[in-house]
Amino acid sequence: MSDIRNSNPGGEDYEPQISASGTDAVGLAAGGSAAPLPTEDKSYSQGQLVARRFFRHRGAITSMIVLGLLVVVAFTSIGVGPIPGWWPKDYTLQYDKIGDGAPTWEYPFGQDTGGKDYFALVMRGTQFSLIIAFSVGIVSTIVGTVVGALAGFYRGWVESVLMRVTDVFIIIPLLAVAAVLGRMAGDSGIWGLALVLGLVTWTSLARLVRGEVLSLRERDFVLAARAVGTGAWRIITRHVLPSAVGVIIVSATLSISSAILLETSLSYLGFGVQPPDTSLGTLIHDYQAAFSTRPWLFWWPGIMILTIALCVNFIGDGLRDAFDPRQNRTKD
Amino acid sequence: MLKFILRRIGVSALVLLGASFLMFILVINSGDPLKDLRESNAQNREQLMAQRAELLRLDDNPFERYWDWLTGVAGCFTGSCDLGVTINGVDVLGLTQQAAASSLRLITLATLLAIVVGVALGILTAIRQYSGFDYVVTFSAFLFFSLPVFWAATLLKEFAAIQYNNWIAVGQYAPTTIVVAALVVGFVLQAVLGGTRRRRLVTGVGAFAFVAVVLFVFNALDWWRNPTFGLGGVLLVSAAAGVLVTALVAGLRNRRVLYAALTTSVVGTVAYLAFAPLLVNQPSWLLLAGLFVLTLLVSAGIGAAWGGFARRQAMLVTGITGVITSILVVADILIANWSSFLGIKSRPISTIGSQTPNFTGDFWEQVLDMGTQILLPTVLLTLVSVATHSRYTRSSMLETLNQDYVRTARSKGLSEREVIVKHAFRNALIPITTIVAFDFAALIGGAVITEQVFGWKGMGALFQDGLNAVDPAPVMAFFLVTGIAAVVMNLVADLAYAALDPRIRR
Amino acid sequence: MTTLDISTPGPASATGDAVLSFEGLDVTFKTEFGDVHAVKGIDLEVRPGEVVALVGESGSGKSVTSMTALGLLPRNARVGGTVRVGDKVVGALDGKALRDMRGNDVAMVFQEPMTALNPVLTIGDQLTEGLQLHGIAYGKQAMARAADLLAMVGIPEPERRLKQYPHELSGGQRQRVVIAMAIACDPKVIIADEPTTALDVTVQAEILDLLRSLKDKLNTGILLITHNMGVVADMADRVAVMLKGDLVETGTADQVLNHPRHEYTKRLLAAVPHLGAGPGQFGDVAAVTATPDDLPALDLSNLVIEYRRVGKPTFRAVDDVSLSVAQGEIVGLVGESGSGKSTIAKCALGLIPAASGSVSILGSDFRRMKGKDLKALRRRIGVVFQDPASSLNPRLPIGDVIAEPLVVHQEGDDKSRRRRVLELLDAVELPRNAYNRYPHELSGGQRQRVSIARALTLDPELLVADEPTSALDVSVQANVLKMFTALQERYKFACLFVSHDLAVIDLLAHRVVVLQNGRIVEQGPREEVLHHPREEYTQRLIAAAPVPEPLEQRRRREARHALLAQLGDEVTELHVEDDYERPYPTRDEGGNASGLGGFMADGGS
């Protein structure tokens, strides 16, 4: 699957040897020593090959750059915690309103109804949304990977119990359980919210990882490792999970983008980030009635959410293509 | 198979039980139900608090409360449902029935639409992989599942409802709008149909000219405010649909199937003529359902009669043609009622609520009202699911097209159409059934937000209000309905899976 | 181009003009790694009633060549030269004419019967669609004709089979269905791409008999693509040898197989193990020195292995098997698919539990051991698996792969481990710079060498080898076998060698155990079991294995037919009735505007 020599550039069946190394062989002298190896000095690991394919995905690279810029701007402009940023205005202060608060050079995103600088506010919301999304991505990936790997590797009752637990979480609408937990964690700030959201969004990854582990544990190299007496922990961490890393990374990326949307949805419903904290979702919620009178209050946070989610999704797509080159055909 | 289904239902019931317990405990611990009273200045504060504590049984053991809720639900099997009362003492069962009806209508409609559109788009993009069309659909799909639902809803309200309502008051397209629309249609069509450069040019220009002329004629006739379709229109479109379905399923070379489809169109149109008085004067849902069943029977009969050696294909084609014809008939009647509907409701597309309050009109006008109310939420919910479905279908289809049996089929001399429709499509559908079932749960989540944005009094409101008040009964009712819906959906997916894949049939 | 055409003008069986011919065929693929020149201008023709074998190893371009005859190459292929099917030039046909030709003039039999049939359509559906498409029969008539076809290829109860799905048929039956599909429209030429590679040897012999009678009775030309020299000797009238896209030698089967002229052909033939030739073909293995008093390296007694399945009765994969491997002895475990041979190997490695019976390694019972003792026991066993693509962890460089057992058992430091790995790389004849390479950069044979090196890292006393050479090309297999015998001579490990290939077992094993359906049929010293088998099943197995020498193979085939007759079995052949009529496309139904003929007749069917 992740072997270029077996990948099928045309999609249909034929058998040209792509790499130069594929000749054990034919021309060997009777002693059969010193089979030829690729002559180029550089040796590519699987990871490097994946990276090479990823960097050819134009959409993903563009998204990487855009997302990177966004993160940098969001965190440097208004600063983090005690560290000040380069943007002169504060998101908590109310300034004199210029006109009806429409975007100007001084207030590029405009001002809100009370005269606050909307750029600073949106950046503050973006910071919180990003923090929550990435924390949720990390927490859910860890939980999902552990649950999936244990269920897939040990089978038996471990698997039954873990998968039934997964089913329980799947059958409750995600938004519902997230809302309940979000409400409970609302007082403990964004970190608490991120943690509980991570604890409810791991289910799809757990199923994916389990499926992957189930097939990997029957692969010959895992059997060989077991036959030699390798312990379960070493097999999982050194042989099984590294091969499942494609599934995990892709899924983690996508869970980040869905976490962004989940967080904003919850905040919009009033179950997510609580005042005085603010996130992109609460901004839209607060100003949704302003659409016809002060459209900029509505557009900016929405575009931010859309941009972040879109970038993350494209990066996920690029990663998927890079890890699974089966569907890569030469363009014609 | 029956054993398998029973086992699945048993496991699902246990999972539901576990989930309901978890949910119950979480909800009653999610906040302080007395918060608003604690902060109030009412004189009888203490008394009110005691009253509510009594009502919600705050002093009782949570397990006891859960058990009582569970026995109330279990009563549903014996005909004495008790889902408890809300914090204000309203019976939840009644609330739930009302809310579930409108929510499930929305969700089911969106699911069906999403499956049809999503799968169709997925297949087209797989066949035209790496074409301009593929890129556009791929990008749109990413865009749609990156959209915050509530944000998109506001946009949709503004541009699809308010602006349309403003426009329909006049009902004339500006010439530039027409040209742009025709250009877009022409461009999309040539990208979808593909072929040589010359063929694409002809397709594009033809579509452009057709759309432009039609729109100008409609303008001249004031069609948008007084639309008519007519018997001829029904016959023409139905026959065209018949030809298209035949071309897809059996190939135009198969004359028996083609004639069967055309017969269905003609019979359908004649039947419309015969039943028109009944439909216009004494319409009811029962009548519509009865006629629909009749259509299916007659269509299948026509297929069986014409089919010969290709009987199964013919029946499939006539069945689909029959369904399309009946949809056209209903559409024709609705279109005929549009101008009188505009008379009653001058701003037709609604942004709030699932029904126009105090709306009075005849049967068809009420149907139109319901349609215009449900339109925007459905579009919104569908868009997100379409994005998911089309991506999955695309990759599943690409995977299938790489299989050995597809190569075998090609080596027999089958055309691309036959290879795709007969050999690849069914295999590609198998994994999609699972995705559809999973997506259903996500749709419920989307529906909660959509209902909130569009002001529907559905399950979403039940859930949201209940949770805000830390009131377990309505929240659990929400869970019960969505949980059972999800279980049923999974079961349907299992059955579809078994129907599609003979390897797991037992 | 160094084609040596030493064929005399056509064998007696071939008559008339070529039904399939390639002239200066040249194919290039555009890939993301640059152009791949797969076929470099070859000339070849197939006449009616003639079997032409196209021989070569993987990557030689033989499959690509065959696909050009159907016009089925992917879009990134550029085809030069002329391909003719009958009087049609494939490259000049438009889409419709090309599709009319496929199935009608030229048909294909594919390698994998498991995947060549659509799993969701019935056998009847898949058989009749070609008939209807090419206007040979419709509706009930098509079904009747499909049943005839199934009967012709020797499938019992054809009517019932028509309603079944592919998964309900065995591998051999599926391949018969594929052949029935290929002959449905009576093509002039059939291209069989490794038609028996995925099948057991007895089934292979049946399918080959079927193909042979097909060309005799229907006078169809067959282009047989294969890497198996035994199959070539059994089937071919003429042979063409391909090497890296070039045709290096063509001639009659006798000329090419018995008097090869080109270096490559000679090497290829020398690399084929010959059943009956015994040990010494690729070096000698050490004689067994252990006495009966010594502990056996592996001892299985009354072993039973069962698989529990959800919703179905438990499946007994291995039933009451007892065998032992003495120290320094190579025991060949042979059997067809489903015989339980790999299951036994996995159980001997402690990878699957035994339901009852005992597995003891050098006197210690696997089932009574736990934790540290078990781990200590495991270091005395090495393992080599079949599939070189999946037996190495793709994420680890070769050095780490080979050193892994040392790390697991915490032996030595980095320096000594590295030394040991380099030593082993030398032993398996791999260059030392393979140390930092990743598995995907190695060829199949090189990977299998790495597998063997890894198995030998801890100097095991017992090696379990599960079909270690089955996935390799013959010349690669020969090299690996040579190396294996050399290593065995040097390290004197005992070995349980699982294989379906009797010729490989014949040159390697001291003793042989024959399995069928989880039970031992026969076991004993190699000469006895393989050269003077007592049991009927063993006799069948050996009779069905082809040898790469046409005359000897003919004798063996006739001997096999005699054996089957003696055992009361029928020899597989195409069952053609005396009044068999060539199907003739009638385009008067469904195919044209009138299209209604027969509507009244079978309209209600």
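The values are calculated or read from the model by the stated rules, or taken from the named source; none is laboratory data. These figures come from a predicted structure and were not determined experimentally. A quick note on method: Cβ atoms are made from the backbone with ideal geometry, for glycine too, and the neighbour counts reach across all protein chains shown. Note: areas computed on protein heavy atoms with side chains; ligands, DNA, RNA excluded. Shrake-Rupley method; radii C 1.70, N 1.55, O 1.52, S 1.80 Å.
Of the residues B:Thr450, B:Thr482, B:Thr433, which is surrounded by 18 or more Cβ atoms within 10 Å (Cβ to Cβ), hydroxyl-bearing (Ser, Thr, Tyr), in contact (Cβ under 8 Å) with a residue 60 or more places away in the chain and closer than 25 Å to B:Pro148 by Cα?
Numbers: B:Thr482 fails: in contact (Cβ under 8 Å) with a residue 60 or more places away in the chain; B:Thr433 fails: closer than 25 Å to B:Pro148 by Cα.
Residue meeting the stated conditions: B:Thr450.
Which is at the interface with another protein chain (Cβ under 7 Å from one of its Cβ atoms), modelled with pLDDT under 90 and either farther than 28 Å from B:Val317 by Cα or assigned to a helix (DSSP H, G or I) (or both), of B:Leu462, B:Leu443, B:Leu398?
Just a single option satisfies the conditions, and that option is B:Leu398.
Find the residue count for segment C:119-128, including only residues that are crowded, with 24+ Cβ neighbours inside 10 Å and not aliphatic (A, V, I, L, M). Residues flagged as crowded, with 24+ Cβ neighbours inside 10 Å and not aliphatic (A, V, I, L, M) within segment C:119-128 amount to 2. Applying the set (1) basic (Lys, Arg); (2) facing another protein chain (nearest Cβ under 8 Å); (3) surrounded by 19 or more Cβ atoms within 10 Å (Cβ to Cβ) to C:Arg417 leaves exactly one unmet item: (2). Candidates in segment C:359-386 are the residues that are over 20 Å from A:Gly231 (Cβ atoms) and open to solvent by less than 30 Å² (accessible area, probe 1.4 Å); of these, the one that is nearest to the other protein chains (Cβ to nearest Cβ) is C:Phe385. Of all the residues that make up segment C:174-206, how many are more than 16 Å from the chain's Cα centre (by Cα) and either not assigned by TED's automatic domain parsing to the domain that holds C:Val55 or not charged (D, E, K, R) (or both)? So the count comes out to 13.
Can you give me the ranges of the helices (runs of 4 or more DSSP H) entirely in segment C:20-125 with at least 3 residues that are at pLDDT 85 or above and in the same structural domain as C:Gly139 (by TED's automatic domain parsing)? It would help to see each step written out before you state the result.
Numbers: elements: C:62-70, C:95-101, C:113-116.
Fully inside segment C:20-125 and qualifying: C:62-70, C:95-101.
Scanning segment C:429-463 for residues being within 17 Å of C:Pro388 (Cα to Cα), facing another protein chain (nearest Cβ under 10 Å), among the hydrophobic types (A, V, I, L, M, F, W, C) and touching a residue at least 40 places away in the same chain (Cβ under 8 Å) gives a total of 2.
Residues that are under 19 Å from B:Ala485 (Cβ atoms) and without any contact (Cβ under 8 Å) to a residue 40 or more places away in the chain were ranked within segment B:18-31; the one that is least open to solvent (accessible area, probe 1.4 Å) is B:Gly18. In segment C:11-27, the residues that are on the phi > 0 side of the Ramachandran plot and among the small types (Gly, Ala, Ser) reach residues that are at pLDDT 80 or above and part of a strand (DSSP E or B) with C-beta atoms within less than 6 angstrom, at least six apart or across chains, in these pairs: C:Gly24/C:Gly41; C:Gly24/C:Gly81.
You will find that of C:Ala355, C:Ala389, the residue that is facing chain A (nearest Cβ under 10 Å) and surrounded by fewer than 21 Cβ atoms within 10 Å (Cβ to Cβ) is C:Ala389 and no other. For segment A:180-200, filtered to residues that are among the small types (Gly, Ala, Ser) and touching a Leu at 6+ places or on another chain (Cβ under 6 Å), the residue that is surrounded by the most Cβ atoms within 10 Å (Cβ to Cβ) is A:Gly182. For C:Leu458, the criteria (1) more than 22 Å from C:Gly276 (Cα to Cα); (2) in contact with a Ser or Thr (Cβ under 9 Å, 6 or more places away or on another chain); (3) of a type in the set (A, V, I, L, M, F, W, C); (4) surrounded by fewer than 22 Cβ atoms within 10 Å (Cβ to Cβ) hold in every case but one, which is (2). What are the residues in segment B:410-424 that are more than 7 Å from chain C (Cβ to nearest Cβ) and crowded, with 18+ Cβ neighbours inside 10 Å, if any? Selection gives B:Glu418, B:Val419, B:Ile420, B:Val421, B:Lys422, B:Ala424.
Of all residues in segment B:277-312, those satisfying the criterion of being open to solvent by less than 70 Å² (accessible area, probe 1.4 Å), closer than 14 Å to B:Val330 by Cα and in contact (Cβ under 8 Å) with a residue 40 or more places away in the chain are B:Leu279, B:Pro283, B:Ser284, B:Leu288.
Of all residues in segment C:153-172, which are away from every other protein chain (no Cβ under 14 Å) and open to solvent by 40 Å² or more (accessible area, probe 1.4 Å)? Scanning segment C:153-172 gives C:Pro156, C:Glu157, C:Glu159, C:Arg160, C:Ser170.
Listed by first and then second residue, the pairs linking a residue in segment C:240-263 that is over 18 Å from C:Ile42 (Cα atoms) and open to solvent by less than 20 Å² (accessible area, probe 1.4 Å) to a residue that is β-branched (Val, Ile, Thr) and assigned to a helix (DSSP H, G or I), with Cβ atoms under 9 Å apart and 6 or more places separating them unless they lie on different chains, are C:Ala253/C:Val232; C:Leu257/C:Val232; C:Leu257/C:Thr265. Collect the residues in segment A:279-310 that are of a type in the set (S, T, N, Q) and open to solvent by less than 20 Å² (accessible area, probe 1.4 Å), keeping them in residue-number order. Within segment A:279-310, A:Ser279, A:Thr282 qualify.
For segment A:226-249, the candidate set comprises residues that are facing chain C (nearest Cβ under 7 Å) and under 26 Å from the mean Cα position of the chain (by Cα); within that set, the residue that is surrounded by the fewest Cβ atoms within 10 Å (Cβ to Cβ) is A:Pro242. Across segment A:31-77, the qualifying residues are those that are at pLDDT 90 or above and open to solvent by 60 Å² or more (accessible area, probe 1.4 Å), and the one among them that is farthest from A:Trp87 (Cα to Cα) is A:Thr62.
The single condition from (1) away from every other protein chain (no Cβ under 14 Å); (2) open to solvent by 10 Å² or more (accessible area, probe 1.4 Å); (3) assigned to a helix (DSSP H, G or I) that C:Leu150 fails is (2). Scanning segment C:264-296 for residues that are in a helix (DSSP H, G or I) and open to solvent by less than 10 Å² (accessible area, probe 1.4 Å) yields C:Tyr264, C:Thr265, C:Leu268.
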